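Report on the following structure.
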Amino acid sequence: MTPSCSPRTPRASTPSVTDTRGSRPTARSAPSTSPTTHEGYIIEQDGDESLKLTPIDGGAARKVTCTGQLAHCSFDARTNEIDGGQAHAPLITGKYAFHVENASTYENDPEQLVMTDLTTGKKAWSTADVTPPAGVELDEDGKRTSGALRVLDVRDGRVLTAWGAGAFSPDTWVTATYDIASGKQVGGSSKYSYEDSPADTVNTEGSSVFTPDHSLAAAHTEQGTAVWQPADGKEVWAQKEGEKAMQPLRFSPNGILYGTTKDGFSPSGFLAVDGRTKKVLAKSLPEENIPLFSQPSGYGYISTQKGFFVFPAQG
């Protein structure tokens, strides 16, 4: 489609495709545009800039519309997120829905994430109304130089966010938590340069793995793993240069972190560490012995050649 007027020059921090690294993600497949279901709604693409949310049990449908000249947004059923420009957030989280402002490379202003009441459509919170955390680069007009932005979680009246650090730091992110009612930042922030994984098929830049209660988070950084507290942004521990880097995979409900390490071309090794102390609890684990965990029950389970095993997480 050709606009009726010449588009504004795209800002330097926004790539011509919707990828926060600034390069075309050749290995990343696009999310499906087929209707899907999520959180009691049928989700359908409705034009380039809108998603239609229809309650499964009846009731009026609602549109979630991203803004900006030639705006485009979509729903990725793999992550349950709305994607617009360089911004990503849960499409539906509890009683709220998100959309993206400036979801276009034809905008001079950086992307913003807006959270609205799912029933009324009234705005409840927006990144445009809060102060970016320390460590986010601003231009001479006070605008972010990077449009990369992510909402990681909404719970207990707070929003956990991740902000691209700057136009020339595409893999560096700053995380911060905000109070929904006041818009004020809660606690400090954490800043990490994340390991670049261009072969990933799911967009997770700036994300971490969390304990089920979200008391701990583990980021995959350029040095390995860094564990921090989402509530206040404080770092618990982080691997340093020279250590054998571990990629975090998942937490157990009681804070045990499972991860993988790799030496050159040798097979990956799997291990378990205490999420709070960094103490190695087990190493050289068979991959089939890395448990998955049920969110509702907290039970772990593994499936091996010897059978299917279910066990409680130890307190």
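The values are calculated or read from the model by the stated rules, or taken from the named source; none is laboratory data. No experiment lies behind these values; they were computed from the predicted model shown. So basically every Cβ, Gly included, is an ideal-geometry build from the backbone, and we count neighbours across all protein chains shown. Remember, those area values only see protein heavy atoms, side chains included, never the ligands or the DNA or RNA. Shrake-Rupley method; radii C 1.70, N 1.55, O 1.52, S 1.80 Å.
Remark: relative contact order (segment 188-315) = 15 percent; criterion is Cα-Cα distance under 8 angstrom and separation of 6 or more residues.
Each residue of segment 38-44 was assigned a 3J(HN,Hα) from its phi angle through the Karplus curve 6.51 cos²θ - 1.76 cosθ + 1.60 (θ = phi - 60°); the sequence is 6, 6, x, 10, 8, 9, 10 Hz, with glycine and proline shown as x. Whole-Hz Karplus values for segment 168-179 come out as 9, 10, x, 9, 9, 10, 10, 9, 7, 10, 10, 7 Hz, taken residue by residue from phi with 6.51 cos²θ - 1.76 cosθ + 1.60 and θ = phi - 60°; glycine and proline positions read x. Computing Cα extents along the principal axes in Å for the structure here picks out one of [x] 78, 63, 31; [y] 81, 53, 43; [z] 63, 49, 40, namely [z]. In this Cβ point-charge picture (+1 for Lys and Arg, -1 for Asp and Glu), the chain has a dipole of about 600 debye about its Cα centre.
Spin-label model, D46/L285: points 7 Å from Cα along the beta carbon direction are separated by 4.5 nm.
Taking the solvent-accessible surface of protein heavy atoms with a 1.4 Å probe, what is the per residue accessible area of the chain in Å²? If you can, show how the numbers build up before the last one.
Numbers: 15860 Å² over 315 residues.
Spelled out: the 1.4 Å probe surface of the chain, per residue, equals 50 Å².
Each residue of segment 267-281 is assigned a 3J(HN,Hα), and the resulting list reads x, 5, x, 10, 8, 10, 10, 6, x, 9, 10, 6, 5, 6, 9 Hz, derived from the Karplus form 6.51 cos²θ - 1.76 cosθ + 1.60 (θ = phi - 60°), x at Gly and Pro.
Going highest first, how would you order 103-114, 284-295 by mean Cβ packing within 10 Å? Can you show the working numbers first?
Details: 103-114: 22.2, 284-295: 12.9.
The most tightly packed comes first, giving 103-114, 284-295.
Annotation for segment 186-293: trypsin sites (Lys or Arg not before Pro) lying in DSSP loop with at most 10 further Cβ atoms inside 10 Å of their Cβ are K240, K279. Amide H to amide H, with H built 1.01 Å from N, A89 comes under 5 Å of I82, V151, counting only residues 5 or more places away or on other chains.
Using packing as a proxy for protection, rank 36-42, 158-164 so that the peptide with the highest average count of other Cβ atoms within 10 Å comes first. Before the final figure, lay out each step's value.
Values: 36-42: 14.7, 158-164: 24.9.
Listed from highest to lowest mean packing, they are 158-164, 36-42.
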